[in-house]
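**Student:** Pasting a structure here, questions to come.
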Amino acid sequence: MLHVEKMTTADFPFAVELANTMDWSMTEEDFRLSLKLEPEGCFVLFDKLNRVGISTSVSFEKVGWFGNLVIDQGCRSRGGGTMLVQRAVVHLRNRGVKTIGLYAYQHLIRFYENLGFTANREFAVFQGKTKKQRIKSIPQRITEKEIPKCSNWTNSASAETGRDCLS
Ligand SMILES: CC(C)(COP(=O)(O)OP(=O)(O)OC[C@H]1O[C@@H](n2cnc3c(N)ncnc32)[C@H](O)[C@@H]1OP(=O)(O)O)[C@@H](O)C(=O)NCCC(=O)NCCS
């Protein structure tokens, strides 16, 4: 029997391990920040006494964001993912949020559409390995004129694509 509970610090090791099955490079610090920002909006899915899923959310007045949704491989297709999304949506609505955003993998657009979200924008994620570099110069703040140059560079370096979803 699946049920959802609010995330606590005791859930962090599980949350990190599960999130990193997706190669998201999460740390306990990430979940500590999520819990600090939205103490009532981060959740763990349980199958009886066992932790089997996670999700987080954050709200800022009328805008909310949902993320870090993962269900343990052995527990998928039992409605747990749906439960975690719905729980976060209820929480965010109770906080007065009108619009909820999330990043979705392309193959999950239907999953989120079935939960009331609408795909509204495509994006590309740049993936690559960095070389260790010693940065000698002090980073400079870019000017507004240079922003298009940066965004073109990001768009042309597409390795993985997905969509934004808004509820
Ligand atoms: C996406 C995920 C959270 C869904 O969790 P789940 O517990 O399996 O979802 P549910 O059981 O609530 O499924 C609800 C519906 O969505 C569909 N669905 C679930 N995962 C799907 C997938 N990967 N592709 C297509 N459809 C999917 C199910 O078929 C189900 O439809 P049905 O009710 O008609 O059978 C889970 O597959 C997962 O952890 N994936 C890896 C992490 C990930 O991709 N997270 C999302 C980041 S955007």
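**Student:** How large is the helix-only mean residue ellipticity at 222 nm for the chain, computed as the sum of -39500 (n - 2.57) over DSSP H runs with n ≥ 4, divided by its residue count, in deg cm²/dmol to the nearest 500? Don't jump to the answer; show the numbers that get you there.
**Tutor:** Values: 5 runs with 48 residues, N = 167.
So the helix-based figure for the chain works out to -8500 deg cm²/dmol.
**Student:** May I pose another question? Grab the eigenvalues of the alpha-carbon gyration tensor for the stretch 1-86, scale each by 5, take roots, and send me the semi-axes largest first in whole angstrom. List each step's numbers first, then the result.
**Tutor:** Numbers: eigenvalues 73, 44, 28 Å².
Square roots of five times the eigenvalues give 19, 15, 12 Å.
**Student:** Would you count, across the chain, every pair of lysines whose alpha carbons are under 30 angstrom apart, provided the pair is eight or more residues apart or spans two chains?
**Tutor:** 16
**Student:** Helix 147-156 versus the longest principal axis of the chain: what angle, 0 to 90°, nearest 10, using Cα atoms?
**Tutor:** 60 degrees
**Student:** Follow-up. For the stretch 53-146, place one equal point scatterer on every Cα, skip the solvent, and apply the Debye formula. What is log10 of I(q)/I(0) at q = 0.19, 0.25 Å⁻¹?
**Tutor:** -0.96, -1.36
**Student:** Based on a Kirkwood Rh over C-alpha pairs, give the Stokes-Einstein translational diffusion coefficient of the chain at 20 °C and viscosity 1.002 mPa s in µm²/s. Don't skip to the end; give the middle numbers.
**Tutor:** Numbers: Rh = 17.7 Å.
Reported coefficient: 121 µm²/s.
**Student:** Relative to the longest principal axis of the chain, what angle (0 to 90°, nearest 10) does the C-alpha long axis of helix 28-37 take?
**Tutor:** The angle comes out at about 80 degrees.
**Student:** Got the relative contact order for the stretch 1-139 handy, in percent, Cα pairs under 8 Å and 6 or more residues apart?
**Tutor:** Details: 184 pairs, mean separation 26.9, N = 139.
Relative contact order, the stretch 1-139: 19 percent.
Each reported figure results from applying straightforward, stated rules to the coordinates on display, with no laboratory input. Please read all numbers here as calculations on a predicted model, not as lab measurements.
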